[in-house]
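I have placed the structure first, in the form of structure tokens, so that the comments after it can refer back to it.
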Amino acid sequence: MRILDKYILKQMLQPFAFGVAAFSTIFVASSFLFRVTQYITQYGASYSSLFRLFLCLMPEVINYTFPMSMLLASLLTMGQLSGNSEITAMRSGGMSFRRIAMPILAAGFVVSLFSVVWAEKVVPPAKAEYERIIQQEIKNNTKPRTQDHILLKNISKGQLTRLTYARTFDEKAGVMKDITIEDWDKGRVVRIQRTPEAKWQNGRGSWKREPSRKSQTRKAHATMTFDKQVLPITETPKTITLDQKDPDEMTIGELKMYIGILERQYQPTSKYVMEIYSRFTVPLASFFFALIGVPLGVQSQRAGTSMGLGFSVVIIFIYYSIMTFMTGLGQGGVIPPFIAAAVPNFLCGCAGAYLIWQKDH
């Protein structure tokens, strides 16, 4: 790495760290503090629960602040280099604008790769624990007791052995409807069992098929029909309620399994497919924000360093407005989820590439 590259990266380190801290503070102050007050006044939440809630919230907040911080860092770094006439000196030495921008773009790409791993390995479990603390410790399980599209997993020695899906579930009545149970062996389905309805037998601690309905079990090419049957489900209604996850609490592997179940039930999957693509497009925004921030940073210095913050706010607002709009279209199945997820980064990348080309010429 050249001395010049190290110098540019050192210049952008401080504004990047400042951006992470500043934007994280804004996120926490704008939403979390209000909820904390509500949890204390309405539910009497303990300070220990609130502190752990804060720790579980931060991974998701940081995941969203990385792109914003990269944009701010690229704007301020290029603005400072331009204001000190250092870019002019570099250009006089025969360096192209693309070569000057390379360290910042490389840093944005590295941050994007790190964010992809962060969004998959850290954010989902932290989000799930965040919801668990709210529902169990603060609200004492006031989660809605009637749910659609529930999924239960049985894992043995790290291998998936059974997937249970129910289209509707009522904890209070202890009833599941339209049930599909898939037995897995070495990564493939070996048996499928379908039951229209089952009821929880509290005294026996088991789920029993309703007498007026018939269930079917299919293994290989054979199909068997049963009049009476106890389902291989050991979870209680309360446990099932607490075990359910929202899409943003699932890993990509869990989302894929859930999508497979829904597809076999001919249920819409756009919401979950969109979540998978978002796990990549949101982190990759760090690179595209750096791409657009580098040329705009040079322009912003003419009106003062404060314009860098102004540009950041405007670009962030436009980007996330487009992302929110496209996410709604993708989840609703109006347009393919891949296109919906890719549009914000594509527009940002095109604008950045054009501005860099313009500066280079």
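Quick notes on this structure:
- Relative contact order %, the chain, counting alpha carbon pairs below 8 Å whose residues are six or more apart: 20 percent
- Cα-based helix-to-principal-axis angle, 123-132 vs the chain, degrees rounded to 10: 50 degrees
- Computed from Cα atoms, the angle from the helix 337-360 axis to the main principal axis of the chain rounds to 10 degrees.
- Gln358/Ser30 FRET efficiency (R0 41 Å; Cβ-Cβ; nearest 0.05): 0.70
- Geometric descriptor of the range 79-126, per residue, is 69 Å³ (volume of the convex hull of the Cα atoms).
- Candidate residues Arg188, Arg132, Arg194: accessible-area rank, largest first, probe 1.4 Å: Arg188, Arg194, Arg132
- In this calculation the C-beta distance from Val189 to Val122 is compared with R0 = 30 Å, giving a FRET efficiency of 0.45.
- Cα long-axis angle, helix 252-264 against the chain (0 to 90 degrees, to the nearest 10): 50 degrees
- Mean accessible surface per residue for the chain, computed with a 1.4 Å probe while every protein chain stays in place, in Å²: 52 Å²
- Pairs of Cα atoms nearer than 8 Å and 6+ residues apart set the relative contact order; for the range 232-361 it is 30 percent.
- Length released on extending from Gln38 to Asp170, taking residue separation times 0.36 nm less the Cα-Cα span: 44.7 nm
- Taking amide H atoms as placed 1.01 Å from N in the peptide plane, the amide H of Arg191 lies under 5 Å from those of Asp183, each 5 or more residues away in sequence or on another chain.
- Prolate/oblate/rounded label for the range 307-361 (Cα gyration tensor, a/c 1.5): oblate
- 14 Å reach of a label modelled at Lys238, 7 Å along Cα-to-Cβ, counting backbone N of the range 114-140: 136-137, 140
- Here the 3J(HN,Hα) profile of the range 54-59, calculated from phi with Karplus coefficients 6.51, -1.76 and 1.60 at θ = phi - 60°, is 5, 5, 6, 6, 4, x Hz, Gly and Pro shown as x.
- For the range 155-202: relative contact order, % (alpha-carbon pairs under 8 angstrom, 6 or more apart): 33 percent
- Charge dipole (debye, nearest 20) of the chain; +1 at Cβ of Lys and Arg, -1 at Cβ of Asp and Glu: 860 debye
- The loop-placed trypsin sites (Lys or Arg not before Pro) in the range 1-38, going by DSSP, that have at most 13 neighbouring Cβ atoms within 10 Å of their Cβ come out as Arg2.
- Cβ-based net charge around Ile252, under 11 Å, with every Lys or Arg adding one and every Asp or Glu removing one: 0
- Near Arg99, once Lys and Arg are set to +1 and Asp and Glu to -1 for all other residues with Cβ below 14 Å from its Cβ, the sum equals +1.
- Divided by 2.2 N^0.38 Å, where N counts the residues, the Cα radius of gyration of the range 1-119 comes to 1.43.
- With the charge dipole of the chain set up from +1 on Lys and Arg Cβ and -1 on Asp and Glu Cβ about the Cα centre, the Cα lying farthest toward the positive end among the listed residues Ile259, Val334, Leu9 is that of Ile259.
- Simple Cβ-charge dipole of the range 103-155, Lys/Arg +1 and Asp/Glu -1, about Cα centre, in debye nearest 20: 160 debye
- 32 Å Cα-Cα threshold exceeded, pairs from Lys121/Lys208; Lys127/Lys177; Lys186/Lys245; Lys256/Lys359; Lys121/Lys157: Lys121/Lys208; Lys256/Lys359
- Phi-derived couplings, Karplus 6.51 cos²θ - 1.76 cosθ + 1.60 at θ = phi - 60°, listed residue by residue for the range 83-93: x, 8, 6, 6, 5, 4, 5, 5, 5, 5, x Hz, with x used for Gly and Pro.
- Size of electric dipole in the range 251-361: Cβ of Lys, Arg +1 and of Asp, Glu -1, about Cα centre, debye, nearest 20: 60 debye
The values are calculated or read from the model by the stated rules, or taken from the named source; none is laboratory data. Everything numeric in this text was worked out from a predicted model, so none of it was measured. Don't worry about glycine lacking a Cβ; one is built from the backbone with ideal geometry, like all the others, and counts go over all protein chains shown. With ligands, DNA and RNA removed, areas are computed over all heavy atoms of the protein, side chains included. Shrake-Rupley method; radii C 1.70, N 1.55, O 1.52, S 1.80 Å.
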